[in-house]
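Colleague: First, the structure itself, so that you have it in front of you.
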Amino acid sequence: MSSTHATECATCPAYRIANLTKLGVDMANHDFVVGLAGNPNTGKSTVFNSLTGLRQHTGNWPGKTVSRAEGAFSYEGKRYKIVDLPGTYSLLSTSTDEEIARDFLLFGQPDVTVIVVDASRLERNLNLALQVLEITDRVVLCLNLMDETRRRGLQVDDRSLARDLGVPVVPTSARQGEGIPALLSTLADVANGRIVCRPHRLKSEPAGLKRAVEQLTGQLLAAFPGLPNARWVALRLLEGDPRIVEAVQTGELSNLAGRVTPDGSRALNIIQEAV
Amino acid sequence: MSTPSTGQEILNTASKLRWDVGSNIHDSLMEALYADAARIADKAVTRAGEQPRFDLDRTIDRLVTSRWAGFPIMLGLLALVMWLTIAGANVPSSLLASLLLDQVHPALRNVAAVLHFPWWLSGLLIDGMYLAMAWVVSVMLPPMAIFFPLFTLAEDFGYLPRVAFNLDRFFKKAGAHGKQALTMSMGYGCNAAGVVSARVIDSPRERLIAIIPTNFAICNGRWPTQILIATIFIGSLAAPHWAGLVSAAAVVGIVLMGIGFTFLVSWVLSRTWLKGEASAFSLELPPYRPPRILQTIYTSLIDRTLIVLWRAVIFAVPAGAVIWLISNIKVGQPSVAEHLIQWFDPVALFIGLNGVILLAYIIAIPANEIVIPTVLMLTVLNTKMAGLGSGAGVMFELDSIDATANVLRAGGWTVLTGVNLMIFSLLHNPCSTTIYTIYKETRSAKWTTVATLMPVALGILVCFLVAQLWRAL
């Protein structure tokens, strides 16, 4: 195919979805790592299945996925490894499934994190989404279950959401395959840096806390140069989170800081050994 | 790069600063987070017009989780699923058996004869391995092909969390975590999956309490045993048109007994070795979603039925070889199998089982799926039935449930043997995969041993009591 053809076709939606190759479990030589996070029972596994062509068992009850499932797809010539994380309500708790999700987001450093939210229960779902935005920059919010939301007489303004959260928002109904092409192209845009996110960060914190956080963040960055999400780590340390305290003590954080490869593979291996 | 001392310095700073910022930092952070979430969501969501007056989800929930109707609905659904499985599996089962056992098996033997296989080779390959596999397929495939899609449809619809909701207060009384109802439900598919799903429980204490009794949920491998034995021994006690319902009721009875033992064991554990308070949790009742019927049937056939069947076949093939070997290697006049059966018989008969069943359970430790085929083969061998099969260790042609029943009765089986086999199938050690999974999840040899041996001890005890009671009446 000539290059002029390719540019013409590339703008057509049919062409773009045709660019998706479901690779199943063939995860070799991936260019990007994508994490799928979200509350329980919002359809993460359904999104995962429709992207990878795998048939990770889905079920209509919270807590169906308790370990990480991994798969791959290729889109526009780039290979993506995608990790379906257990559903959680927060990133603070200590149960095994929540820890798997949090450790991956923090130490696995995915290139893009897709937060799958239930559009009909937006407020509660945003609690987790905001916590994820505290940890990581490159995020796509997948506003899932739009069909149920419409049936319940609700309308969700995805553009207002995108503006407030500072990340792209894609409405989908994954069970029907609705919105998956848009999700894919947005995901690719974020992964390739065509879209730059400016995620919402908590502002309303007391002055005393702010000073403490700044002091600790400075010290952390001195000890672990290049540490992403140092602010979040500082907050966790102030709360005395045992897992983070351990990561500081053992120097595990330096694995994050010294990371140079863009695909997250090294950090991923560290997690895999730990799990 | 960090050195341990800088890490320690950071931690020192953190604990010093912790005094400055006060202890309510967690609360104030969470408040800020919730406030932001509420503000953003409020801006984005609008309610178009009025909420529909009739809320179907609420109405269904009120019914299926109500105090008086919740449990009857649960039992009714379970009985319906069982009945559909029992009634529907009979015909395809005998079709498969007549194809694989009556047609293919003689054909294979002919091929072996033409190729001049030595007797032991054709015996081992065709009478041992092939027949074990054929048996597993014909006994297991039809019930699984009906049961799994039905179970998956209920799951897809959103019924499982309601079951958890209903059972929660019992688990709480037993000192266990309410989410144990979910891990138990998973156990009905596969015990190993049930053990893994206990990860949703936060406290290690409650997780152990959830893992140890997983075995009391009848798994894929044991449903066919329960269904077959219930049909032969319990269903036949009733008039023919009631037989299906009565057998289904017997299986439901065993399921209830398993749930009873789950509560009992959880209760004992939480009051002795694993003392503690039940922790609170929130369970989300997800919206009912219309099941995607075709997709569900497809995935449950491909993913569950065929995978489970494949696993059964993989375990059945070497087991078939073992059965053939112990039936054909002779020590003195009788074979090894006959020695073992005679050796087990006194104890087994005392607890209302027989030596054949105990030996079959030992051979079937790798996979519960092959218990029934093994039992049948060993029974024929031990009773030296004439005209059935064509030599020692052959899993013979039984193309209907009646024929199976005749063999078992000829082997000295009574209704008591049937009842106790159903009980023992519920209460015995988990399969090797589950034992390994328990070890992987608990990292404790002690608790793995408890989870393995406690059900066997219970099984022997209950079978003994039932046998005593039966004989006394």
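The values are calculated or read from the model by the stated rules, or taken from the named source; none is laboratory data. Note that the structure is a prediction, hence the values are computed from the model and not measured. Cβ coordinates were reconstructed from backbone atoms using ideal geometry, including for glycine residues, and neighbour counts include every protein chain displayed. Just the protein is used for accessible areas: all its heavy atoms, side chains included, with ligands, DNA and RNA removed. Shrake-Rupley method; radii C 1.70, N 1.55, O 1.52, S 1.80 Å.
Colleague: Which numbered condition in (1) touching a strand residue (DSSP E or B) at 6+ places or on another chain (Cβ under 9 Å); (2) in contact (Cβ under 8 Å) with a residue 12 or more places away in the chain; (3) closer than 25 Å to B:PRO287 by Cβ is the only one that A:GLY108 fails?
Modeller: (3)
Colleague: Need at least 3 residues that are more than 14 Å from every other protein chain (Cβ to nearest Cβ) per element, so show me which helices (runs of 4 or more DSSP H) inside the range B:132-202 make the cut, counting only ones lying wholly within it.
Modeller: Details: elements: B:160-173, B:180-189, B:191-197.
It comes to B:160-173.
Colleague: Quick test of your reading of the structure: A:ALA119 fulfils all but one of (1) within 15 Å of A:LEU36 (Cα to Cα); (2) of a type in the set (A, V, I, L, M, F, W, C); (3) out of contact with any His (no Cβ under 8 Å at 6 or more places or on another chain). Name the failing condition by number.
Modeller: So the condition that A:ALA119 fails would be (1).
Colleague: Another question, then. Output the number of residues of the range A:97-113 satisfying the condition of being among the aliphatic types (A, V, I, L, M) and in contact with a helix residue (DSSP H, G or I) (Cβ under 7 Å, 6 or more places away or on another chain). Break it down stepwise before answering.
Modeller: Narrowing the range A:97-113 to residues among the aliphatic types (A, V, I, L, M): A:100-101, A:105-106, A:112.
With the extra rule that they be in contact with a helix residue (DSSP H, G or I) (Cβ under 7 Å, 6 or more places away or on another chain), the set shrinks to A:105-106, A:112.
Count: 3.
Colleague: To continue, here is another question. Which count do you get for residues in the range A:196-232 that are crowded, with 16+ Cβ neighbours inside 10 Å and either under 15 Å from the mean Cα position of the chain (by Cα) or touching a residue at least 60 places away in the same chain (Cβ under 8 Å) (or both)?
Modeller: Selection size over the range A:196-232: 8.
Colleague: Being open to solvent by 10 Å² or more (accessible area, probe 1.4 Å) and touching a strand residue (DSSP E or B) at 6+ places or on another chain (Cβ under 8 Å) is the filter here; which residues of the range B:306-351 pass it?
Modeller: B:ILE326, B:ASN328, B:ILE329, B:VAL336, listed by residue number.
Colleague: Is it true that some residue in the range A:234-248 is under 22 Å from the mean Cα position of the chain (by Cα), away from every other protein chain (no Cβ under 11 Å) and open to solvent by 20 Å² or more (accessible area, probe 1.4 Å)?
Modeller: yes
Colleague: Among the residues of the range B:203-234, count how many are at pLDDT 85 or above and not in a helix (DSSP H, G or I).
Modeller: Counting residues in the range B:203-234 that are at pLDDT 85 or above and not in a helix (DSSP H, G or I) gives 2.
Colleague: Hey, another quick one. Of everything in the range A:144-167 that's crowded, with 22+ Cβ neighbours inside 10 Å and in a loop (DSSP other than H, G, I, E, B), which residue is farthest from the other protein chains (Cβ to nearest Cβ)?
Modeller: A:VAL167
Colleague: Can you go through B:ASP61, B:ASP55 and tell me which one is within 14 Å of another protein chain (Cβ to nearest Cβ) and within 30 Å of A:LEU161 (Cα to Cα)? Steps first, answer last, please.
Modeller: Numbers: B:ASP61 fails: within 30 Å of A:LEU161 (Cα to Cα).
It is B:ASP55.
Colleague: Moving to a separate point now. Here are some conditions: (1) away from every other protein chain (no Cβ under 14 Å); (2) in a helix (DSSP H, G or I); (3) free of Cβ contacts under 8 Å to residues at least 40 places away in the same chain. B:LEU75 meets all but one. Which one does it not meet?
Modeller: Result: B:LEU75 passes all but (3).
Colleague: To continue, here is another question. Does the range B:246-263 include one or more residues that are of a type in the set (Ser, Thr, Tyr), touching a Phe, Trp or Tyr at 6+ places or on another chain (Cβ under 8 Å), crowded, with 23+ Cβ neighbours inside 10 Å and within 19 Å of B:GLY459 (Cα to Cα)?
Modeller: Yes, the range B:246-263 contains a residue that is of a type in the set (Ser, Thr, Tyr), touching a Phe, Trp or Tyr at 6+ places or on another chain (Cβ under 8 Å), crowded, with 23+ Cβ neighbours inside 10 Å and within 19 Å of B:GLY459 (Cα to Cα).
Colleague: Next up: Hey, can you tell me all the residues within the range B:309-364 that are in a helix (DSSP H, G or I) and either among the polar types (S, T, N, Q) or at positive phi (or both)? Can you show your working first?
Modeller: Taking the range B:309-364 as the starting set, the residues that turn out to be in a helix (DSSP H, G or I) are B:309-328, B:336-350, B:355-363.
Passing the criteria: B:SER327, B:ASN328, B:GLN342.
Colleague: Working only within the range A:112-131, note down all residues that are crowded, with 23+ Cβ neighbours inside 10 Å and hydrophobic (A, V, I, L, M, F, W, C).
Modeller: A:VAL112, A:VAL114, A:ILE115, A:VAL116, A:VAL117, A:ALA119, A:LEU126, A:LEU128, A:ALA129
Results for (1) at pLDDT 85 or above; (2) surrounded by fewer than 24 Cβ atoms within 10 Å (Cβ to Cβ); (3) part of a strand (DSSP E or B); (4) more than 9 Å from chain B (Cβ to nearest Cβ), shown as yes or no for each residue.
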residue: A:LYS81; (1), (2), (3), (4): yes, no, yes, yes
residue: A:GLY87; (1), (2), (3), (4): no, no, no, yes
residue: A:GLU99; (1), (2), (3), (4): no, yes, no, yes
residue: A:ARG102; (1), (2), (3), (4): no, no, no, yes
residue: A:PRO110; (1), (2), (3), (4): yes, no, no, yes
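Colleague: Please verify whether A:THR136 is away from chain B (no Cβ under 14 Å), of a type outside the set (Gly, Ala, Ser), without any contact (Cβ under 8 Å) to a residue 60 or more places away in the chain and crowded, with 17+ Cβ neighbours inside 10 Å, treating the condition exactly as stated.
Modeller: It is false that A:THR136 is away from chain B (no Cβ under 14 Å), of a type outside the set (Gly, Ala, Ser), without any contact (Cβ under 8 Å) to a residue 60 or more places away in the chain and crowded, with 17+ Cβ neighbours inside 10 Å.
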